[in-house]
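The values are calculated or read from the model by the stated rules, or taken from the named source; none is laboratory data. Fair warning: this is a prediction, and the values are worked out from it, not measured in the lab. Glycine gets a Cβ as well: all are built from the backbone with ideal geometry, and neighbour counts include every protein chain shown. These area figures cover heavy atoms from the full protein model, side chains too; ligands, DNA and RNA do not enter into them. Shrake-Rupley method; radii C 1.70, N 1.55, O 1.52, S 1.80 Å.
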Amino acid sequence: MRVVIIGQQSFGKAVMEAFLDRGDEVAGVFAAPEKPGFPTDPLRAEAERRNIKLFQLPSLTDSAAEVAMKSLDADIGVMAFVLQFAPQNFVNLPRFGTIQYHPSLLPKYRGPSSINWPIVCGDTETGLTIFRPTDGMDEGPVILQKKVPILPDDTLGSIYFDQLFPMGVTAMLEAADLVVSGKHTETPQDDTQASYEGWFRATEARINWNMHVSLIYNLIRGSDPSPGAWTTLDGETIQILGARKQAFASSRHIRLPPGSISAIGEKSFRIIAHGGEIEVFSVRPANSGKRSAIEYGRQKDLNIGTRFGT
């Protein structure tokens, strides 16, 4: 089939390569313009390396986007990690229309941070959806869905890189085949079951040590590696990355206030919260790289009773 890729970053690149590797023709690529000072977009770079027609337009609503899409004479459009709004007069131009990837089980978790939120909310399942893009935010009819369990110690990184990324690439191929062959179905989303969540950023990722340990742990997991759940120590920001939830081993230090270090071991230290402790293995201090919790502890001279959130 003759495909147009609309997307960006590593996922867009992987989807494009998957179509090419099986013998499909990529007629063109629409990639978001890159911001000055930001890393090179892998999709843009690979499209240029392969001499594929590339369009980096500031808006897909401009007439230039419609003209470009018409010129490509595509069978199907494939939206792989798209943050630009794509109007109907653009996505409907390919002969079999356009399909879009979204990393949640729509209609739940519509919006731009749909991988973070299910983990933060303590869900035990997530997944991906391939759907028809409409002018609404992730509201189009569903073509294909695949489910993924969220295990107790899964993080944003493990769910995305180990599950939703590779599964999503395969699902895009499967959905495109169904659509072009006329074997697909389109199921309207049930808006009574829908939710929309905005960006999960640093503001949302701040740790409140007075919350229950399970809520804190879910926040840490859903923020690892990005944006990084964070707290403070003597006014300095520190992100807590590799961590594990632990029940109280005994009543030792139970009178220490939440946020206090209760134990220091060879590879980790523990921080008290209501209902248990957060065992910390790695951190990222402000303006610094990731390091082990023990290395950080030695540098900051952490002791039993040292309190975070101050």
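What the table below lists for this structure:
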read-out: Residues that are among the aliphatic types (A, V, I, L, M), outside any helix (DSSP H, G or I) and surrounded by fewer than 17 Cβ atoms within 10 Å (Cβ to Cβ), drawn from the range 145-192; value: LEU151
read-out: Some residue of the range 119-126 being in a loop (DSSP other than H, G, I, E, B), without any contact (Cβ under 8 Å) to a residue 40 or more places away in the chain and more than 19 Å from TYR160 (Cα to Cα); value: no
read-out: Hits in the range 122-144 (condition: in contact with a helix residue (DSSP H, G or I) (Cβ under 7 Å, 6 or more places away or on another chain) and surrounded by fewer than 16 Cβ atoms within 10 Å (Cβ to Cβ)); value: GLY122, ASP135
read-out: Qualifying residue in the range 26-37 (condition: open to solvent by less than 10 Å² (accessible area, probe 1.4 Å), within 19 Å of THR170 (Cβ to Cβ) and in contact with a helix residue (DSSP H, G or I) (Cβ under 9 Å, 6 or more places away or on another chain)); value: no
read-out: Candidates ARG270, ARG255, filtered to the one that is outside any strand (DSSP E or B) and either without any contact (Cβ under 8 Å) to a residue 12 or more places away in the chain or buried (at least 20 other Cβ atoms within 10 Å of the Cβ) (or both); value: ARG255
read-out: Sole exception among (1) crowded, with 16+ Cβ neighbours inside 10 Å; (2) assigned to a loop (DSSP other than H, G, I, E, B); (3) not hydrophobic (A, V, I, L, M, F, W, C) for GLN239, by number; value: (2)
read-out: Failed item, numbered, when SER288 is tested on (1) assigned to a loop (DSSP other than H, G, I, E, B); (2) closer than 22 Å to ASP153 by Cβ; (3) polar (S, T, N, Q); value: (2)
read-out: Per-region count, the range 193-235, residues buried (at least 19 other Cβ atoms within 10 Å of the Cβ), part of a loop (DSSP other than H, G, I, E, B) and of a type in the set (A, V, I, L, M, F, W, C); value: 4
